[in-house]
Amino acid sequence: MFSRPFWKPKEQPNTLSTIDKLNETLAMLEKKEQVLLKKAAAEVEKAKEFTRAKNKRAAIQCLKRKRLYEQQVEQLGNFQLRLHDQIIMLEGAKATTETVDALRTGAAAMKAMQKATNIDDVDKTMDEINEQTERMQQIQEALSAPIGAAADFDEDELEAELEELEGVELEEQLLQTATTAPAPAPAPALPVQVPAVGLPTQPVPHKNTTEADELAALQAEMAM
């Protein structure tokens with residue numbers, strides 16, 4: 001007997017369909033406004049014709065109808081303004097709702113992931129990772145440790161030998177650098193100044209001193 005309810009639950013209007021309906025109504029009001037403006041302009045033209053025909057009463061009636069059309073145009077303008085306001089509010093509410101839904105979905109996903117991941121399991125996993133890391137380090141240290149004859153080598157002696165080799169190599173490098181270095185350029189030769197002394201064009205004969213004395217004595221006698 002009570003299988004069917006006496007009332008139906010009211011369906012929630014879809015935001016997009018509501019906005020579309022408001023836009024259709026707004027377009028209809030704009031068209032109607034254009035029609036009323038044309039009618040008002042036509043009444044003005046009629047009033048002018050009646051005025052030229054000296055029919056004052058008919059001209060006044062045209063102006064009255066023009067005033068009525070203008071009132072309707074003003075009323076339609078107020079309707080359009082309200083529709084614009086409603087559309088803006090709905091679009092803002094739609095954006096807010098979508099944002100909230102997205103945030104709610106993200107929160108639910110995060111909650112599900114946190115539920116699937118237990119903090120105790122995380123701690124246990126980290127402990128296992130640390131334990132495996134320590135074991136791997138121990139294995140690597142065991143593999144890298146010297147065995148056999150290499151284990152008996154003295155590290156200090158090896159380091160001293162290495163320093164000696166480095167010193168020898170450094171001396172060889174310095175010696176090689178000294179032998180391969182280019183020789184310095186020779187200094188320019190200074191010009192030799194030779195004194196300008198006149199040389200005899202003919203050799204001067206060397207005479208004996210005795211002969212010279214005899215010649216001088218003979219010349220003295222002839223002069224007497």
> When the residues of region 18-73 are filtered to those that are acidic (Asp, Glu) and in contact (Cβ under 8 Å) with a residue 40 or more places away in the chain, which remaining residue is farthest from residue 89 (Cα to Cα)?
Replying inline: 33
>> Residue under question is residue 128, and the condition is that it be of a type in the set (D, E, K, R) and open to solvent by less than 100 Å² (accessible area, probe 1.4 Å); does it hold?
In response: yes
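Tally the residues that are more than 60 Å from the chain's Cα centre (by Cα) and open to solvent by 60 Å² or more (accessible area, probe 1.4 Å), restricting the search to region 30-71. Write out each step before concluding.
First, the residues of region 30-71 that are more than 60 Å from the chain's Cα centre (by Cα): 39-71.
Then keep just the ones that are open to solvent by 60 Å² or more (accessible area, probe 1.4 Å); that gives 39, 45-46, 48-57, 60-61, 63-65, 67-68, 70-71.
Residues flagged as more than 60 Å from the chain's Cα centre (by Cα) and open to solvent by 60 Å² or more (accessible area, probe 1.4 Å) within region 30-71 amount to 22.
Being modelled with pLDDT under 60 and either of a type outside the set (Ser, Thr, Tyr) or part of a helix (DSSP H, G or I) (or both) is the requirement here; does residue 194 meet it?
On the way: modelled with pLDDT under 60: yes; either of a type outside the set (Ser, Thr, Tyr) or part of a helix (DSSP H, G or I) (or both): yes.
Criteria met by residue 194.
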> Filter region 129-163 for residues that are small (Gly, Ala, Ser) and modelled with pLDDT of 75 or more; which is nearest to the chain's Cα centre (by Cα)?
Replying inline: 142
>> Could you check region 99-122 and list, in sequence order, the residues that are part of a helix (DSSP H, G or I), modelled with pLDDT under 90 and open to solvent by 80 Å² or more (accessible area, probe 1.4 Å)?
In response: 110, 111, 113, 114, 115, 116, 119, 120, 121
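The values are calculated or read from the model by the stated rules, or taken from the named source; none is laboratory data. Keep in mind that what you see is a predicted model, and the values were worked out from it rather than measured. Cβ coordinates were reconstructed from backbone atoms using ideal geometry, including for glycine residues, and neighbour counts include every protein chain displayed. To get the accessible areas, we keep the full protein, side chains included, count just its heavy atoms, and leave off ligands, DNA and RNA. Shrake-Rupley method; radii C 1.70, N 1.55, O 1.52, S 1.80 Å.
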